[in-house]
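Some notes on the structure that comes next.
Just so it is clear, none of the values below were taken in a lab; they were calculated from the coordinates. The structure presented is a predicted model; accordingly, all values stated were derived computationally and were not measured. Here Cβ is always computed from backbone atoms with ideal geometry, including for glycine, and neighbour counts include all displayed protein chains.
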Amino acid sequence: MRELTEIEKKLINKVAGGIEITGRPFEKIASELGMSESEAVRALRTLAEEKRIRRAAAILGQRQIGYSANAMCVFNVDADKIDAAGEYAASFAEVSHCYKRAKSEKWPYNLYAMVHGHEKSECEAVAQKIAASSGASSYKLLYSIRELKKENMIYFSGTACAPAVSPRLIAWEMSAACNLKCVHCRACSTMERSESELSTAECFEFLKDIASMPGKPVLIMSGGEPLIRPDFFEILEYAAALGINKVLATNATMITEKIAARLAACGVSAASVSIDGPNAAEHDKFRRVEGAFAMSLKGIELLKAAGIKIQINISVTRHNYDKIDAIFRLAETLGASSIHIFMLVPTGRAENMKGEEISAVEYERLLNWFYDKKREIGGRINLKATCAPHYYRIMRERARADGLEITERNFGMDAKTRGCLAGCGFAFVSACGIVQGCGYMPIAAGNIREKKFSEIYTHSDFFMKLRDLSLLKGKCGKCAYKKVCGGCRARALASNGDCFAEEPYCGYEPEK
Ligand code: SF4
Ligand code: SF4
């Protein structure tokens, strides 16, 4: 077992001595030790993972602060009302955490909420309100005499959509330059690399920071075309040495047998390639380079031969809306292990494509078709509707009609994720170091040249706002599905100049 560092020993002594009840207790402890808050939290998480400490969290001594009535309230709620009931329960200040569990024959309760009160009557009043609003057929209060021990205080939350510690995915535009000129390009790419792109040394610093983040985020090495960087393999080898999980987003036109082998040797497990038409003529028109289709298909074969899995991305516009089935068939023929559909976001070069987006009605139709396709294909190919947040609403509507529960068993990862991940599990880093919620949302949360990515992701004001669902406006603000959908914030920004406005391409009308 490794030796603890001096700073780790001091940190353990500090937290073991009791944590002061303040808004940011770890910030205070960290500053006393000359560390940043996120460094302290990361160090504590590492210590917890290594089982040196039991948990990296404050334990609230609720009795010491006067909360003597603490009840686990359990409710029997209809399956189609449980998410709304959970949201409602979590909106009470008296509820520290709540979650759902399967009912059993002898225990008909499926919604649990931990309610804290100074007196039992306070817990009872809250439980009564939750039961009345959710139409619970029965409920119980089980008083606890123990102190609360919870790391994750709110399971369902009325306002927070994701934990802020670490993203699951980071898309990194390694270069904005590209050898193609796609009409829908977010990066407005050119053939020439910009002088302001991150240097090799800056890329290394960024990678070291990612490697130190808890949860091991997956790095999507993207562009423009990432392979256009002459130091691409130097950077990739550095990421591999740090043990970073990485995948490649490429147009595949520059792939050779040697490059594919080198990618595989560096642990690139998957590559995504965009195919936007069912044949060369349609695809090349979109990519604006004759022969792009043939080159991409050749690259795909070489990647597959090197053992790299292929994800086909399809950008859906009016041009290919009615050809999606044919592109799917092509992707299957190409041996794709994943197929992702992307909805056009009219930013970057695609700003000129305003009006090329499919309508809200077509959206609804496509996402319903996608639901059926997923059920037909099963687990054979991983299908994902990316940046089509209202798919997660449609999936729930359809599942309810089909009598299916939203569980991982029935819906895989779709049961655990949400629609818009911008700043909530996902972030984008531009070629010159700007951190954004996603590549389609031109609002800077910070720049890794000035501050570490890990700091920006956790603490930037803009990301904190993106995680606060109470800021959503219009119909997204009052929608019962906002926690699982959230609407596309980039399309809201492009259409209304306000990224918290309602999603312009959703046909759903929430109940008042
Ligand atoms: S705002 Fe969200 S849904 Fe929209 S493009 Fe970005 S990540 Fe995708
Ligand atoms: S109204 Fe907004 S939150 Fe509700 S389903 Fe539509 S896009 Fe999603």
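Checking the table 51/100; 129/475; 285/373; 373/465; 14/451; 9/416 against a 32 Å threshold on Cα-Cα, which pairs fail?
Listed pairs above 32 Å: 373/465; 9/416.
Would you please put 308-317, 273-282, 257-266 in order of how densely packed they are, using the mean number of other Cβ atoms within 10 angstrom per residue and starting with the highest?
Final packing ranking: 308-317, 273-282, 257-266.
List the residue ranges in the chain for DSSP H helices whose C-alpha atoms run 24 angstrom or more along the long axis and whose Kyte-Doolittle average is -1.0 or above.
360-377
With a ≥ b ≥ c taken as the square roots of the eigenvalues of the C-alpha gyration tensor of segment 190-243, please select rounded if a/c is under 1.5 and otherwise prolate if a/b is larger than b/c or oblate if it is not?
Note, shape of segment 190-243 comes out prolate.
How would you rank 169-176, 409-416, highest first, on the average number of other Cβ atoms within 10 Å across their residues?
Result, highest mean first: 169-176, 409-416.
Convex hull volume of the Cα atoms in segment 62-144, per residue, in Å³?
Given the Cα convex hull of segment 62-144, per-residue volume reads 78 Å³.
Determine the distance separating the Cα centre of segment 79-110 from the Cα centre of segment 467-492; give it in Å without decimals.
Taking the Cα centre of segment 467-492 as reference, the centre of segment 79-110 is 22 Å away.
For the chain, what's the relative contact order in percent, using C-alpha pairs closer than 8 Å and at least 6 residues apart?
Relative contact order of the chain: 13 percent.
Where a ≥ b ≥ c are the square roots of the eigenvalues of the C-alpha gyration tensor, would you call segment 173-316 rounded, which needs a/c under 1.5, or, failing that, prolate if a/b is larger than b/c, or oblate?
Verdict is prolate for segment 173-316.
Please give the peptides 336-345, 318-327 ranked by average Cβ packing (other Cβ atoms within 10 Å per residue), highest first, as a rough proxy for protection.
336-345, 318-327
Please report the spacing between the Cα centers of segment 399-449 and segment 302-329 in Å, no decimals.
21 Å
Quantify how much of the Cα-Cα distance distribution of segment 293-376 extends past 20 Å, in percent.
42 percent
Mind listing P(r) for segment 6-49? All alpha-carbon pairs, 10 Å bins, whole percents.
Result, from short to long distances: 29, 64, 6 percent.
Give the residue from 292, 82, 464 lying farthest towards the positive end of the charge dipole for the chain; charges sit on Cβ (+1 for Lys and Arg, -1 for Asp and Glu) and the dipole is referred to the Cα centre.
With unit charges placed on the Cβ atoms, the residue in question is 82.
Using the Kirkwood formula on the Cα atoms of the chain, what hydrodynamic radius do you get, in angstrom to one decimal?
Averaging 1/r across every pair of different Cα atoms and inverting gives 24.8 Å.
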